[in-house]
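Accompanying notes for the structure given below.
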Amino acid sequence: MTSTFPDVSISTERLVLRPFEEADVPSLTEMMRDELVAAWTTVPVPYRESDAREFILRRAPALRTEGRGIAFAVAEFLTQRLVGLVHLDHTDWRILGTEVGYVVAPWARGEGYASESVLALAQWLFQDQKFERMELRTAADNTAAQQVAQKLGCISEGVLRNAWIARTRTEDGGWAEIRTDLLVWSLLPEDLDGIPEQLADADGYAPYPDWLHSPR
């Protein structure tokens with residue numbers, strides 16, 4: 001029997017991490033068309049509504065049901081507007097380790113949503129799911145992602161040389177692929193000691209999330 005994460009929603013004072021819905025297609029499409037998302041992730045370029053629908057209806061559910069991880073839409077609690085996504089992948093159920101990735105919408109950057117959503121996911125992962133390791137990999141030139149890792153208390157473990165393909169704009173407005181290094185960061189349960197309170201003081205939100213197991 002395949003081990004899987006439960007179908008849950010996680011809430012903080014400002015955000016709700018929930019399963020994707022078909023109604024998210026337009027917002028997800030707009031978010032994934034952002035140039036920074038294209039530069040640092042493997043999303044199709046150009047990103048179409050059909051790509052968003054494929055992700056929401058097939059790829060995201062399969063990530064959980066096949067035991068590889070879980071994907072959450074990140075929405076503002078008050079407005080319910082989609083502000084990002086966060087997901088776990090490459091899950092190893094024997095060692096209880098997994099890899100986290102995230103995207104923040106261009107209209108929601110600078111609010112601390114990346115660190116807040118990843119922290120909430122980490123707390124759920126360690127406290128509710130009893131995992132022992134969460135890993136984050138960032139491209140060498142992606143300083144914003146590295147700052148999030150540092151805010152969360154992640155420990156830098158080393159460099160995977162020439163391990164990633166990023167994209168950069170060309171003079172004619174197209175995209176070119178460039179090879180780059182990956183920085184490997186890890187977070188263990190004990191690394192979170194004091195981190196929620198520090199982020200709460202810095203970004204102005206309650207440090208402890210709630211999670212609700214869905215009956216679906």
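The values are calculated or read from the model by the stated rules, or taken from the named source; none is laboratory data. Since we're looking at a predicted model, the values are computed, not measured. All Cβ positions, glycine included, derive from the backbone under ideal geometry; neighbour counts span all protein chains shown. Side chains included, ligands, DNA and RNA excluded: accessible areas come from the protein's heavy atoms. Shrake-Rupley method; radii C 1.70, N 1.55, O 1.52, S 1.80 Å.
Residues considered: Thr12, Thr65. Of these, the only one that is farther than 21 Å from Gly173 by Cβ and surrounded by fewer than 20 Cβ atoms within 10 Å (Cβ to Cβ) is Thr65. When region 67-90 is filtered for residues that are within 17 Å of Val8 (Cβ to Cβ), out of contact with any Leu (no Cβ under 8 Å at 6 or more places or on another chain) and either of a type in the set (Ser, Thr, Tyr) or in contact (Cβ under 8 Å) with a residue 24 or more places away in the chain (or both), only Gly67 remains. Only a single criterion out of (1) in contact with a strand residue (DSSP E or B) (Cβ under 6 Å, 6 or more places away or on another chain); (2) surrounded by fewer than 15 Cβ atoms within 10 Å (Cβ to Cβ) is not satisfied by Gly174, namely (1). Here region 126-148 is the region considered, the condition is being in contact with a helix residue (DSSP H, G or I) (Cβ under 9 Å, 6 or more places away or on another chain) and part of a helix (DSSP H, G or I), and the residue that is nearest to Leu15 (Cα to Cα) is Val148.
Is one or more of the residues making up region 48-67 closer than 29 Å to Gln146 by Cβ and assigned to a loop (DSSP other than H, G, I, E, B)? No - not one qualifying residue is present in region 48-67. Consider region 68-111 and keep the residues that are within 22 Å of Glu35 (Cβ to Cβ) and assigned to a loop (DSSP other than H, G, I, E, B). The one that is most open to solvent (accessible area, probe 1.4 Å) is Arg81. Remark: pairs (first residue in region 9-30, more than 22 Å from Leu121 (Cα to Cα); second residue of a type in the set (Val, Ile, Thr) and crowded, with 18+ Cβ neighbours inside 10 Å; Cβ separation under 8 Å; 6+ apart in sequence or on different chains) = Glu22/Ile56; Val25/Ile56.
Restricting attention to region 33-62, the residues that are open to solvent by less than 20 Å² (accessible area, probe 1.4 Å) and either touching a residue at least 60 places away in the same chain (Cβ under 8 Å) or not aliphatic (A, V, I, L, M) (or both) total 4.
For Ala144, the test of being small (Gly, Ala, Ser), within 20 Å of the chain's Cα centre (by Cα), modelled with pLDDT of 70 or more and open to solvent by 20 Å² or more (accessible area, probe 1.4 Å) is passed.
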